[in-house]
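Working notes for the structure below.
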Amino acid sequence: MKKIIALILTLACALTLGACSSNTDSKSDDKTLTVSCTLSPHCQILEFTKDIFEKDYGLTLEIIELDDYYIFNKALDAGEVDANYFQHVPFFDGEVAANGYNISNVAGIHIEPFGFYSKTIASVDAIPDGAEVILSNSVADHGRILAILEKAGLITLAADVDRQNATVEDIVANPKNLTFTEVKPEMLTTVFEQGEGDLVAINGNYAISAGLNPVEDTVILEQADSTNPYVNIVACQKGHEKDAKIVALVEVLKSEAVKNYISETWSDGSVIPAE
């Protein structure tokens, strides 16, 4: 992959998605597999697989680390990378619906339980009246966050609402008068460290990257298993699902070696392999 891709993704795309060029074709090199990802756990998992790709498939894995959720699928749709690995299914579905991206969900790889963190609150019982909850401005996360709060007994959502797509407007009971403030996903750990808000709902990958332990450090932790709809997936361009490189990527990430690596590296349950 040409150097211009890294420059576009890290500089130009950070300023405007419209500046991204699609002139460079990352698929021109059949021996190089380019995958964009967030640092932890996605890039960390991919780093583990480099030797497997080289020894078993004759492929060089090129990993591109990004931290802005809204660059990934734009770059993939433009053909700047072969695949990405960073998002759960509702986010993917929302991005495709909103932007018309010609990309495919290829396979579910792992799950990261979502957690609520606080500098001042140690338990659900200690949450004060009028507590401020800071959450991601990614609408795809809202239903998940609200469903966790509902399961914890803090709110009630309308009975006829799909929990996966619920919004704050769907709250019908809020006995603690919780308020909600939205920030960019990549800012969640920053506002937590600065002590802003009473509860901060942080995506698993950002929590891990910030040195937080979702199992030990949360006030509320999502209950996660392999049936969780928020499984993190690999995506590629439509029409390339059967490409040898994409097939190899899925085979490796769903292999027992990678499942064991995930289970052993995150033995606290903060990341679990999907079935």
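Do you know the relative contact order of the chain, to the nearest whole percent, from alpha carbon pairs under 8 angstrom that are 6+ apart?
On the way: 512 pairs, mean separation 70.7, N = 275.
Result for the chain is 26 percent.
Please report the net charge: other residues with Cβ closer than 11 Å to the Cβ of residue 208, K and R +1, D and E -1. Show your work: numbers first, answer last.
Details: positive: none; negative: 112, 217, 268.
After counting each charged neighbour, the total is -3.
Could you work out the local net charge near residue 133, counting Lys and Arg as +1, Asp and Glu as -1, over the other residues with Cβ closer than 14 Å to its Cβ? Intermediate values should be presented prior to the final figure.
On the way: positive: 119, 144, 176; negative: 129, 132, 141, 150, 182, 196, 198.
Net local charge, residue 133 excluded: -4.
Show that you can apply the helix-only estimate: for the chain, add -39,500 (n - 2.57) for every DSSP H stretch of four or more residues, divide by all residues, and state [θ] at 222 nm to the nearest 500.
Details: 10 runs with 83 residues, N = 275.
So the calculated ellipticity at 222 nm is -8000 deg cm²/dmol.
I'd like the FRET efficiency for residue 162 and residue 125, computed as 1/(1 + (r/R0)^6) with the beta carbon distance as r and R0 of 25 Å, rounded to 0.05. Please list the in-between numbers first.
Values: r = 29 Å, r/R0 = 1.18.
After rounding, the FRET efficiency stands at 0.25.
Relative contact order of the stretch 30-131: what whole-number percent is it, with Cα pairs under 8 angstrom and at least 6 residues apart? Don't jump to the answer; show the numbers that get you there.
Working: 89 pairs, mean separation 27.5, N = 102.
Averaging sequence separation for qualifying contacts and normalising by length gives 27 percent for the stretch 30-131.
Grab the Cα-Cα distance for residue 102 and residue 216, subtract it from 0.36 nm times how many residues apart they are, and report the gain in nm with one decimal. Show your work: numbers first, answer last.
Working: separation 114, 0.36 × 114 = 41.04 nm, distance 3.97 nm.
This chain segment gains 37.1 nm when fully extended.
For Cα pairs less than 8 Å apart in space and 6+ apart in sequence, what is the mean separation divided by the residue count of the stretch 115-221, i.e. the relative contact order in percent? Before the final figure, lay out the partial values.
Details: 190 pairs, mean separation 48.0, N = 107.
Normalised by residue count, the contact order of the stretch 115-221 is 45 percent.
Roughly what % antiparallel, to the nearest 5, for the DSSP beta bridges in the chain? Please report the intermediate quantities before stating the final value.
Details: 20 of 36 bridges.
Roughly 55 percent of the DSSP beta bridges within the chain come out antiparallel.
Under 1.5 on a/c is rounded, so check that first for the stretch 228-275, then, if it is not, pick prolate when a/b is larger than b/c and oblate when it is not; a ≥ b ≥ c are the square roots of the alpha carbon gyration tensor eigenvalues. Could the numbers behind the result be given before it?
Numbers: a/c = 3.70, a/b = 1.82, b/c = 2.03.
Oblate, since a/c reaches 1.5 and b/c is not below a/b.
Go ahead and run the numbers for FRET between residue 238 and residue 173, Cβ-Cβ distance against an R0 of 45 Å, rounding to 0.05.
Given R0 = 45 Å and the Cβ-Cβ separation, E is 0.60.
Report Rg(Cα)/(2.2 N^0.38 Å) for the stretch 52-209, keeping two decimals. Walk me through the numbers before you get to the answer.
Values: Rg = 18.0 Å, N = 158, 2.2 N^0.38 = 15.1 Å.
Rounded to two decimals, the normalised Rg is 1.20.
Readers should treat all values here as calculations from the given coordinates under stated rules, not as data from a laboratory. Since we're looking at a predicted model, the values are computed, not measured. Positions of Cβ are backbone-derived with ideal geometry, glycine not excepted, and every protein chain shown enters the neighbour counts.
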